[in-house]
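Peer 1: Below you will find the structure I want to go over with you.
The values are calculated or read from the model by the stated rules, or taken from the named source; none is laboratory data. Note that this is a predicted model, so its numbers are computed, not measured. Note that we place each Cβ from the backbone using ideal geometry, even for glycine, and neighbour counts take in every protein chain shown. Note: accessible area is taken over every heavy atom of the protein model, side chains too, but ligands, DNA and RNA are not part of it. Shrake-Rupley method; radii C 1.70, N 1.55, O 1.52, S 1.80 Å.
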Amino acid sequence: MRFLLFLLLSLLLLADLSGQAVLLRGPYLQAPTTDSVVLRWRTDLPTIGRVRYGTAPDSLWQVADESAPATDHRVTVRGLTADTRYFYAVGHDTVRLSGPDSNHFFRTFPPAGTVRPIRVWAIGDFGKGNSLQTGVRTAFEQYDAAQETDVWLWLGDNAYSDGTDQEYQDKVFSGPWGYQNLMQHLPFHAIPGNHDYNLISPAQATVSPPAHTGVYFDIIDAYTRGEAGGVPSQTELYYSFDYGNVHFVCLNSELGSAINPAHDWTGANPIFPFNGSPMMDWLVADLSQNALPWTVVLFHQPPYSKGSHDSDNFWELYMQAMRENWLPVLEQAGVDLVLSGHSHVYERSFLIRGHYDDSGSWDPQTMLVDGSSGNPDLGESYVKGPSGPGTVYVVQGNSGSSQTAPELDHPAMFFSHGCDSCAGSTILEVHGDTLKGSYLTQYGQVLDRYRLVKQAANGTAPTGLPTATFRLYPNPTDGRFRLEAQFEQPENLSVTLCDRSGKEIRSLFEGPVAGGARQWDWELGSELPRGLYYVACRTAGGRRFLPLILR
């Protein structure tokens, strides 16, 4: 053992005396555009970083250098061709520290408006350094690996517990749970969460947003000048970009202040009314100029959740602020999908609009644009016009975090998944007039799917949905579960258990029910395989599918 330690120290000393730097972080990719990309990496010694690149791993015939020695390297490669794959290596002088090989590559963006298949991967609350995080990453890497992913979204709380540089290094950039292999070819687009903000401006601090600095901002390169489309924000606090025919808007829900209303850019202060902010002014301008058919917005604090955070709790001021002050603007602009994290579960709403208060104000008669499952496996999709009403809200906060026995009963949500081992990520696939979303668990199961379709005419609320309300719990279940229902009038009810394609497996109840509240308890037994099922509830008004996860 002593000999091995001596040998290691000798090698390190020789490396230091030779002046050759050791790679400590990266490389990773940032801020790609149609003609440029930023490459970042870290070394133990200051050197003038060099990127060699070309269109084949064995033909890196172009070079880009830093202007001065550094340990945290940042090299912008310019003059590239749109929608083109390049291979690269990073290092200094004649030394190559990483690459070239088939995993060291980047692809420039296609021109805005290009119609082609697009894949997006979204993770939230992931930087825990645990088996959930690695399981989610591995499941994604194995999911339809033949199709390349174009956009990687970080939904905040990227490194626990405080977003320190060492936490990012140990839990995100390296180690058994890090994403170093993905980062070599897949750029990420990040927003901050409250944990990332612990060292920037905690909720009790009074730091003005323009003065926010810290590790998160040191690590990312955001589009501040509209380099990839959108209105220039002139700040890394928030930004937007275009990929193909999708416009992405990245908001910062941590720019609230319960102490100083002058620093409250989201409306989280419970005393003073919200009269707008620079971020709101920018958002209105950005959404107004957007002409792409799809708009996806991401911010950390979800407007609706019954997971590890309950959006009804009076102290959830940041969640409440996003719901009350920002959703009206997003929905007025026809935003299609909102992605958030923060609550350590997965939840996905119906196609909804106009729900800006707590869950007790939920009115399906006025707020449901489409109350079906939206799941193409069940023969249902959400249909809306180019800027028509209706938005789907997704909470993806369990890509490394979890919550034991959450309530998961928000009435705006069609599908929810949460438990101590429930972890996953979101995959979006956009092509032409169709956007499909999937929730992929750490075990490689797809438990939720939804599809939005754009048509020339505005979508309308579908017919054939029961007026009764239903709730299943516990969910996930070991086989025992309860169905609660509230009927406006006497009905003839049929309840059946279906597989994930909607095919009936067994009848659970058939008969008349009186108006008011009813409940039933069932035990499914041990003969059914674990996985996703649906409980189909039919009345004269139509049918509603309720997802049920058997574990």
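Peer 1: Test ASP363 against the stated conditions and say whether it is free of Cβ contacts under 8 Å to residues at least 24 places away in the same chain and closer than 22 Å to LEU447 by Cβ.
Peer 2: It is false that ASP363 is free of Cβ contacts under 8 Å to residues at least 24 places away in the same chain and closer than 22 Å to LEU447 by Cβ.
Peer 1: Out of ASP218, ASP242, ASP286, I need the residue that is open to solvent by 30 Å² or more (accessible area, probe 1.4 Å) and among the acidic types (Asp, Glu). Which one?
Peer 2: Answer to the check: ASP218.
Peer 1: Here are some conditions: (1) assigned to a loop (DSSP other than H, G, I, E, B); (2) open to solvent by 30 Å² or more (accessible area, probe 1.4 Å). THR224 meets all but one. Which one does it not meet?
Peer 2: (2)
Peer 1: Moving to a separate point now. Among the strands (runs of 3 or more DSSP E) contained in segment 480-523, which hold 2 or more residues that are open to solvent by 80 Å² or more (accessible area, probe 1.4 Å)?
Peer 2: 480-487, 504-513, 516-523
Residues are listed down the side, and each one gets a yes or a no for (1) under 19 Å from the mean Cα position of the chain (by Cα); (2) in a loop (DSSP other than H, G, I, E, B); (3) over 26 Å from GLY163 (Cβ atoms):
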site	(1), (2), (3)
PHE241	yes, no, no
VAL249	yes, no, no
SER253	yes, yes, no
ALA258	no, yes, no
LEU287	no, no, yes
LEU292	no, yes, yes
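Peer 1: Then there is this: Only residues that are open to solvent by 10 Å² or more (accessible area, probe 1.4 Å), not in a loop (DSSP other than H, G, I, E, B) and not β-branched (Val, Ile, Thr): list them for segment 108-138, please. Don't jump to the end; show me each part of the working.
Peer 2: Applying the first criterion (open to solvent by 10 Å² or more (accessible area, probe 1.4 Å)) to segment 108-138 yields 111-117, 128-132, 134-135, 137-138.
Next, only the ones that are not in a loop (DSSP other than H, G, I, E, B) stay: 131-132, 134-135, 137-138.
Answer for segment 108-138, where residues must be open to solvent by 10 Å² or more (accessible area, probe 1.4 Å), not in a loop (DSSP other than H, G, I, E, B) and not β-branched (Val, Ile, Thr): SER131, LEU132, GLY135, ARG137.
Peer 1: Additional query: Just the residues that are surrounded by 13 or more Cβ atoms within 10 Å (Cβ to Cβ) and assigned to a strand (DSSP E or B), please, taken from segment 46-64.
Peer 2: PRO46, THR47, GLY49, ARG50, VAL51, ARG52, TYR53, GLY54, GLN62, ALA64
Peer 1: State which residue pairs qualify: first residue closer than 18 Å to PHE481 by Cα and without any contact (Cβ under 8 Å) to a residue 12 or more places away in the chain and inside segment 493-515, second residue among the aliphatic types (A, V, I, L, M) and outside any strand (DSSP E or B) in any location, beta carbons under 7 Å apart, and separation of 6 or more residues or different chains.
Peer 2: none
Peer 1: So which of PRO187, PRO209, PRO202 is over 20 Å from the mean Cα position of the chain (by Cα), open to solvent by 10 Å² or more (accessible area, probe 1.4 Å) and either farther than 19 Å from THR295 by Cα or modelled with pLDDT of 95 or more (or both)?
Peer 2: Just a single option satisfies the conditions, and that option is PRO202.
Peer 1: Further question on the same structure: Quick check on this structure: which one of ASP58, ASP101 is more than 32 Å from the chain's Cα centre (by Cα), on the phi < 0 side of the Ramachandran plot and of a type in the set (Asp, Glu)?
Peer 2: ASP58
Peer 1: Okay, moving on. When you look at SER372, is it assigned to a loop (DSSP other than H, G, I, E, B) and crowded, with 20+ Cβ neighbours inside 10 Å, yes or no?
Peer 2: Yes.
Peer 1: Sticking with this one: For segment 54-84, what are the residues that are touching a Pro at 6+ places or on another chain (Cβ under 8 Å) and more than 23 Å from THR43 (Cβ to Cβ)?
Peer 2: Kept after step one, since they are touching a Pro at 6+ places or on another chain (Cβ under 8 Å), are these residues of segment 54-84: 57-58, 60, 69-71, 82-83.
If the condition is that a residue be touching a Pro at 6+ places or on another chain (Cβ under 8 Å) and more than 23 Å from THR43 (Cβ to Cβ), then ASP58, ALA82, ASP83 are the ones that fit.
Peer 1: Suppose the filter is hydroxyl-bearing (Ser, Thr, Tyr) and farther than 21 Å from LEU155 by Cα; does SER311 pass it? Break it down stepwise before answering.
Peer 2: Details: hydroxyl-bearing (Ser, Thr, Tyr): yes; farther than 21 Å from LEU155 by Cα: no.
Spelling it out, it is not the case that SER311 is hydroxyl-bearing (Ser, Thr, Tyr) and farther than 21 Å from LEU155 by Cα.
One line per residue, one yes/no per condition, for (1) among the charged types (D, E, K, R); (2) in contact with a Phe, Trp or Tyr (Cβ under 6 Å, 6 or more places away or on another chain); (3) within 24 Å of THR235 (Cβ to Cβ); (4) surrounded by fewer than 18 Cβ atoms within 10 Å (Cβ to Cβ):
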position: ASP281; (1), (2), (3), (4): yes, no, yes, yes
position: ASN290; (1), (2), (3), (4): no, no, yes, no
position: HIS300; (1), (2), (3), (4): no, no, yes, no
position: PRO303; (1), (2), (3), (4): no, no, yes, no
position: SER308; (1), (2), (3), (4): no, no, no, no
position: ASN313; (1), (2), (3), (4): no, no, no, yes
position: SER349; (1), (2), (3), (4): no, yes, no, no
position: TYR356; (1), (2), (3), (4): no, no, no, yes
position: GLN365; (1), (2), (3), (4): no, no, no, yes
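Peer 1: Could you please find all residues in segment 139-159 being assigned to a loop (DSSP other than H, G, I, E, B) and open to solvent by 10 Å² or more (accessible area, probe 1.4 Å)?
Peer 2: Within segment 139-159, TYR143, ASP144, ALA145, ALA146, GLN147, GLU148, THR149, ASP150 meet the criteria.
Peer 1: Could you list, in sequence order, all residues of segment 375-430 that are assigned to a strand (DSSP E or B) and surrounded by fewer than 19 Cβ atoms within 10 Å (Cβ to Cβ)? Don't jump to the end; show me each part of the working.
Peer 2: First, pick out the residues of segment 375-430 that are assigned to a strand (DSSP E or B): 382-384, 391-396, 413-417, 424-430.
Across segment 375-430, the qualifying residue is only GLU429.
Peer 1: If a residue must be in contact with an Asp or Glu (Cβ under 6 Å, 6 or more places away or on another chain) and either under 25 Å from ASP83 (Cα atoms) or without any contact (Cβ under 8 Å) to a residue 12 or more places away in the chain (or both), how many such residues does segment 45-56 contain?
Peer 2: So the answer is 1.
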